[in-house]
Amino acid sequence: MKPLHLVTPYWPHRGLPTTGRETWVKMDAHQPTGSFKIRGIGLLCQRLQAEGAERFVCSSGGNAGLAAAYAARAIGAPMTVILPSTTPGFMRERIEALGAQVLIEGDVWDAADALAQAIAARGEAAYVSPFNHPYLWEGHASLVDEIAQAGPAPDAIVVAVGGGGLMCGIAQGLERNGLKDTAIIAVETAGAASLARSIEAGEPITLPRIDTIASSLAARRVADAAFAWTQRRTVVPAVVSDADAVRACLRFVDDHQTLVEPACGAALSLAYDDHPALKPYARVAVVACGGVVTSLEKLAGWKAQFGV
Ligand SMILES: *Cc1c(COP(=O)(O)O)cnc(C)c1O
């Protein structure tokens, strides 16, 4: 099976303050759907199809839904994407343009996800989770294979955490490339810090509510597997503000000519702000996870909102 994702550039970060640290950026914003999601969702759909699935259902108003639609078109299978009503209209249009059927359910992801799971439970379609499936993690792990092949291994890899699917993939990728000592720096915004709170509590917890503009990080609870990795490897939680994330997006668009979501800006902000979590590490890789639920106009709005 030919992967549905591309090998993305891995290059030295431009525009950083001089710290004596070597910082690299993995440009997954340059995937065909604008985020890393196609790595895992592509493999998940291919594997489920090989196991007999004929049609699929995914719940996501964002990059997972877009990747699911792209993957389904590539493998010639029907895809239904359930969106919460809060999804921007341009995302619905992009998902439909790839040939997927769109249904609107509820006004938060949990409601849309409940419908997707109900459709799957009735046997009408195979469920495509945005962040919680071993095949998905295996697909995301390809990102680390590419970093490992590119050159000297990083001491730390900085990654945004929503439901924790990307983090699980990174952890798995580090394991399978023998990178035992590479730390994972897991970044969330303060209003969606479900992993950081779980690490504090010593067990997976569910946030009562979400309060962040980084919509792709808006999971009230991370996958159990993501929490489990924190018990098995060095995972350093870092929590930043929405303003930090927006400031990083603004700098990144100039430094790398690439527009990304605040979810990605959250991870990028650590390098820009020389965050204390980076201090012990001499060579750091930052995952520019991308995201297309944004626009120049939205970024300008956040810039004004946070006065950055
Ligand atoms: C999905 C997503 C995340 C978070 O990934 P999880 O696997 O849910 O932790 C971060 N950034 C972007 C752009 C995303 O699309």
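The values are calculated or read from the model by the stated rules, or taken from the named source; none is laboratory data. Remember, it's a predicted structure, so these values are computed and weren't measured experimentally. So basically every Cβ, Gly included, is an ideal-geometry build from the backbone, and we count neighbours across all protein chains shown. To get the accessible areas, we keep the full protein, side chains included, count just its heavy atoms, and leave off ligands, DNA and RNA. Shrake-Rupley method; radii C 1.70, N 1.55, O 1.52, S 1.80 Å.
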message = With a 1.4 Å probe and all protein chains left in place, how much of the accessible area of the chain comes from carbon and sulfur atoms, in whole percent?
response = 51 percent
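Kindly sort 199, 82 by accessible area of their heavy atoms, largest first, with the probe set to 1.4 Å.
Putting 199, 82 in descending order of accessible area: 199, 82.
I need the Kirkwood Rh of the chain: take the reciprocal of the average 1/r across all distinct C-alpha pairs and report it in angstrom.
Values: mean 1/r = 0.0524 Å⁻¹.
Hydrodynamic radius (Kirkwood, Cα pairs) of the chain is 19.1 Å.
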task = Note down the nm distance, to one decimal, between modelled labels 7 Å out along Cα→Cβ at residue 234 and at residue 110.
result = 3.6 nm
ask   = Averaged per residue, what accessible surface does the chain expose to a 1.4 Å probe, in Å²?
value = 40 Å²
query = Put a dot 7 Å past each Cα toward the Cβ at residue 51 and residue 273; how far apart are the dots in nm?
reply = 4.0 nm
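Write down, largest first, the equivalent ellipsoid semi-axes of region 37-131 in whole Å, where each equals the square root of 5 times an eigenvalue of the alpha-carbon gyration tensor. Walk me through the numbers before you get to the answer.
Working: eigenvalues 71, 44, 22 Å².
Sorted largest first and rounded, they come to 19, 15, 11 Å.
List, in the order given, every pair from 2/298; 2/303; 180/303; 37/303; 26/303 whose Cα-Cα distance in the structure shown is over 30 Å. It would help to have the intermediate numbers written out before the result.
Details: 2/298 35 Å; 2/303 41 Å; 180/303 39 Å; 37/303 26 Å; 26/303 25 Å.
With Cα atoms farther than 30 Å apart: 2/298; 2/303; 180/303.
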task = Using only the Cα atoms of region 225-308, construct the convex hull and provide its projected area averaged over every direction, in square nanometres to one decimal.
result = 6.4 nm²
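Tell me, what is the FRET efficiency for residue 303 and residue 117 to the nearest 0.05, using R0 = 45 angstrom and their Cβ-Cβ distance as r? Write down the numbers at each step before the final one.
Values: r = 38 Å, r/R0 = 0.84.
Taking R0 as 45 Å, the efficiency between residue 303 and residue 117 is 0.75.
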query = Label residue 18 and residue 283 with points 7 Å out from Cα along Cα→Cβ: what is the distance between them in nm?
reply = 2.2 nm
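If Rh is defined by the Kirkwood formula over all Cα pairs and Rg also comes from Cα, what ratio Rg/Rh do you get for region 68-199?
Working: Rg = 17.2 Å, Rh = 16.8 Å.
Taking Rg over the Kirkwood Rh, I get 1.02.
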request  = Quickly estimate the mean residue ellipticity at 222 nm for the chain, helices only: each DSSP H run with n ≥ 4 gives -39500 (n - 2.57), and the total goes over all residues, rounded to 500.
outcome  = -13000 deg cm²/dmol
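For the pair residue 74 and residue 201, what calculated FRET efficiency results from E = 1/(1 + (r/R0)^6), where r is the Cβ-Cβ distance and R0 = 30 Å, to the nearest 0.05?
Working: r = 41 Å, r/R0 = 1.35.
Plugging the Cβ-Cβ distance into 1/(1 + (r/R0)^6) gives 0.15.
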